[in-house]
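What follows is one structure encoded as structure tokens, with my remarks underneath.
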Amino acid sequence: MKLYEYQAKEIFKKFGISIPRGQIADTPEECKKIAEEIGKPVAIKAQVLVGGRGKAGGIKFAETPEEAAEIASQILGSQIKGIKIEKVLVEEKLEIENELYFGITVDRSARKYVAIVSSRGGVDIEEVAEKYPEEIIKHYVDPLLGFQGFEARDLVKKIGLKGRNLIIAADILNKLWKIVEKYDAELVEINPLIKTKDDKLIAADARLIIDDNALFRHPEFEKTMETEGKEFNERELKARKEGLAYVELDGNIGIIGNGAGLVMATLDMVSLYGGKPANFLDVGGGADPKRMETALEIILSNPRVKVVFINILGGITRCDWMAKGIIEARERIKIQVPLVVRMVGTMEEAGRKILQEAGIDVLDSMEEAAKRAVEIANRIAGDE
Amino acid sequence: MAILVNNKTRVIVQGITGTQGSFHTKLMLEYGTKVVAGVTPGKGGQETHGVPVYDTVKEALSEHDANASIIFVPAPFAKDAVLEGINAGLELIVVITEHIPIKDAIQMIEVAKRNNVNIVGPNTPGVITPNECKLGIMPGHIFKRGEIGIISRSGTLTYEIASNLTRAGFGQSTCLGIGGDPVIGINFIDALQMFVNDDETKAVVLIGEIGGDAEEKAAEYIKREFTKPVAAFIAGRTAPPGKRMGHAGAIISGRAGTAESKIKALKRAGVYVVEKPKEISERLKEIL
């Protein structure tokens, strides 16, 4: 789960990491009031969960409260990468001397958390890693002992921090680690960490991603989760609620399968034969008929879907149950689009029988079935 | 020969009384796996499909000789179960459980490493050496004993390719699901190192997917020192960046973890990368 900048900053504040003075607003009037209270030029920052906000015009500066209100009225309600902006963060504008990068994330190959600091903050860190690999300083956190003070001091010394700021910067890094530990974060990042002209270190931006698999032990995020929806459309939300892995794409061939790898390969086959998948949907292992029914319902509520390709390889999943789910869905939601079904494995005979009696052909090669689905989709698109 | 499991593997099922644990204990027994005991705290003294159940792994080991366990314990308790298995002195632990928090996975895998315990998974279908031992949830009948080693991040896609191979006459020495999570125990390189020392294995099939750089790292290793032919399929060429494709580990982050990058690296290492799963057996026919 991704947190908004303002939510992450609330947590930073709680842990004693300095953040700019400011507040969240959802109207231009509020924005004006906050700017008046701050009493100096402000930054107005769109609260969205997509990257590249600055480039997309989501961060602007205002000299006066009136200008702040004017800018807020332009930003609020506009869109960044298709996501509507409902809140802006209004903060004091900082006098920047330089910008640093501080972050902790998971290094999959090392099987450890890794703390990363760089003296090149304020830009995409992946770009820094490509162009100036020597300016990325890393430390792998001991999984059992955690992140020690001296390790943090070693790191920040390497990017040239001295004196009081060396102590403060190391302290910020150790606090980021405490946030990772306390909230099961996958990523915590300050980019940029600003060194101001009066020599203070302030977290100008904040990113915090919580491990979805750990949410069961974090009831404190229950309310935060209500704001999470903004990242997803209606169908994606419904799928999440039903525990189905669903990702929407922009094609016209709806796809259902069992097992993430198999479904990904199914999308690849459809593309290889010149088709365009409308989605990724994994019903998971050992799904029952109801799950297949729900999966079909979600996919068919997407008006772009012209044909549905169902690819089932029965291991712990039973083909007869999947067939039953398909028939029940067809009767209940009156499926108008053609179905292409590939089904092999556990209880295959019974599954085929159920579908064939209902007039649905069953194929046994995934490649053949993908080809068939693409042909049908193309024919329908040609007719329209 | 084979790797990791064989007819000498003696198994404890942790979480044996749950729906999944009990169901797959039955299937493993039917396959011929030597399941000697089960563990579910508070259910000691019961039996599941004729297998005695104990409260703790230690207790099970005091009554039975076992060297491996398979874990069906729900995610919130899985780390505890793995640590219990390590503490009791098991050599191999297969973690079927999906949705284990990444912090727990990092810790349990570190403890395993310090104790020389092999962890398979989490979020894996397990490992099978056909005709000898099935330590997992894969459908046993699609596998046939032979000369091909399989290493995969996926479940059903592995069944797809394994059954294709079997039908084409290529049996398998061992088929290993390494797991779909971002942080896993045995990875591609570890498994390749095991297969290189296994005389029975003549070629290896590697089934990868988007996310992380495990395939790129494996490619470097293959190029450097792997001596047997490798064929590969990488799933997710059409996956959009930033979206999790079912598996927790299957996500393109920024510019990292794309299928193109993996395919390119593997091809450069001399691996036969195919576009369609069914082409794996066709390529193997040319190679072997």
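The values are calculated or read from the model by the stated rules, or taken from the named source; none is laboratory data. Quick caveat: nothing in here was measured; it's all calculated off a predicted structure. Heads up, the Cβs are rebuilt from the backbone with ideal geometry, glycines too, and the neighbour counts pull from every protein chain shown. We work out accessible area using only protein heavy atoms, side chains counted, and drop any ligands, DNA or RNA first. Shrake-Rupley method; radii C 1.70, N 1.55, O 1.52, S 1.80 Å.
Each label was represented as a point 7 Å from its Cα along the Cα-to-Cβ direction; for A:LYS200 and B:LYS58 these points are 5.5 nm apart.
Within the shell of other residues whose beta carbon sits under 11 angstrom from the beta carbon of A:ASP268, the net charge comes to -1, with Lys and Arg scored +1 and Asp and Glu -1. Atom-type composition of the exposed protein surface of region A:13-172 places 50 percent of the accessible area on carbon and sulfur (1.4 angstrom probe). Multiplying the residue separation of A:ASP154 and A:LYS223 by 0.36 nm and subtracting their alpha-carbon distance yields 21.0 nm. The slack between A:ALA110 and A:SER78, meaning 0.36 nm per residue of separation minus the straight C-alpha distance, is 7.4 nm. Axis of helix B:214-225 versus longest Cα principal axis of chain B: the two differ by about 70°, to the nearest ten degrees.
For peptide B:139-145, the mean count of partner chain Cβ atoms within 10 Å of a residue's Cβ comes to 2. Restricting the calculation to Cα atoms, every distinct pair contributes to the Kirkwood radius of region A:96-222, found to be 14.9 Å. A 1.4 Å probe run over chain B, with the rest of the protein chains in place, finds 36 Å² accessible per residue.
Computing the accessible area with a 1.4 Å probe over protein heavy atoms, can you report the carbon and sulfur percentage for region A:249-384?
The C+S portion of the solvent-accessible surface of region A:249-384 is 48 percent.
Computed from the C-beta positions of A:ASN233 and B:GLU260 and an R0 of 30 Å, the FRET efficiency is 0.65 to the nearest 0.05.
For A:LYS276, tell me the accessible area in Å² from a 1.4 Å probe, rounded to the nearest 10. About 120 Å², rounded to the nearest 10. For the cross-link pairs A:LYS14/A:LYS241; A:LYS14/A:LYS197; A:LYS81/A:LYS334; A:LYS84/A:LYS138, the ones whose C-alpha atoms lie over 28 Å apart are A:LYS14/A:LYS241; A:LYS81/A:LYS334; A:LYS84/A:LYS138. Of the peptides B:202-210, A:172-180, A:20-28, the order by per-residue mean of other Cβ atoms within 10 Å, starting with the highest, comes out as B:202-210, A:172-180, A:20-28.
Within region A:313-347, which residues have the backbone N less than 17 Å from the label spot 7 Å out from B:ARG167 along Cα→beta-carbon, could you tell me? Those under the cut-off are A:313-315, A:319, A:341-347.
Could you look at chain B and say what percent of its accessible area is carbon and sulfur, using a 1.4 Å probe and all protein chains?
Carbon-and-sulfur percentage of accessible area, whole number: 49.
Could you give the C-alpha radius of gyration of region A:232-383 expressed as a fraction of 2.2 N^0.38 Å, taking N as the number of residues it contains? So the Cα radius of gyration is 0.92 times the expected 2.2 N^0.38 Å. Between A:GLU36 and B:GLN193, the simple spin-label model (points 7 angstrom out along Cα→Cβ) gives 6.7 nm. A Förster radius of 45 Å, combined with the Cβ-Cβ distance separating B:ASN87 from A:LYS334, puts the computed FRET efficiency at roughly 0.20.
Accessible surface area normalised per residue over region A:227-365 is 37 Å², counting heavy atoms of protein chains with a 1.4 Å rolling probe.
The mean sequence distance of close C-alpha pairs (under 8 Å, at least 6 residues apart), as a share of the length of region B:102-165, puts its relative contact order at 22 percent. Close amide H partners of A:LYS112, meaning residues 5 or more places away or on another chain with modelled amide H under 5 Å apart, are A:ASP107.
In the protein assembly as shown, the C-alpha radius of gyration followed by the widest Cα-Cα span (Dmax) gives 26.5, 80 angstrom.
Counting every alpha-carbon pair across region A:325-384, the share separated by more than 16 Å comes to 51%. Counts of other chain beta carbons within 10 angstrom of each beta carbon in peptide B:232-241 average 6. In this entry, region A:21-92 is assigned a mean projected area of 3.9 nm², taken as a quarter of its C-alpha convex hull surface. The H on the amide N of B:GLY136, modeled in the peptide plane, is under 5 Å from the matching H of B:VAL127, each at least 5 residues off or on a different chain. Within the shell defined by Cβ-Cβ distances under 9 Å, the residues around A:ASP26 carry a net charge of -1, with Lys and Arg each +1 and Asp and Glu each -1.
For the chain pair B and A, the interface hides roughly 4400 square angstrom of accessible area in total, found with a 1.4 Å probe. With a cut-off of 14 Å between beta carbons, the residues surrounding B:ALA37 carry a summed charge of -2, where Lys and Arg count +1 and Asp and Glu -1. Take each residue in B:244-256, count the other chain C-beta atoms within 10 Å of its C-beta, and the mean is 5. For chain A, relative contact order (Cα pairs under 8 Å, six or more residues apart, normalised by length) works out to 12 percent. Taking 24 Å as the straight-line reach from the Cα of B:LYS26, the lysines in range (excluding those fewer than 8 positions away in the same chain) are B:LYS8, B:LYS34, B:LYS43, B:LYS58, B:LYS134, B:LYS144. How far apart, in nanometres, would the label points at B:LYS267 and A:GLU368 be if each is projected 7 angstrom from Cα along the Cα-to-Cβ direction? Between B:LYS267 and A:GLU368, the label points sit 3.0 nm apart.
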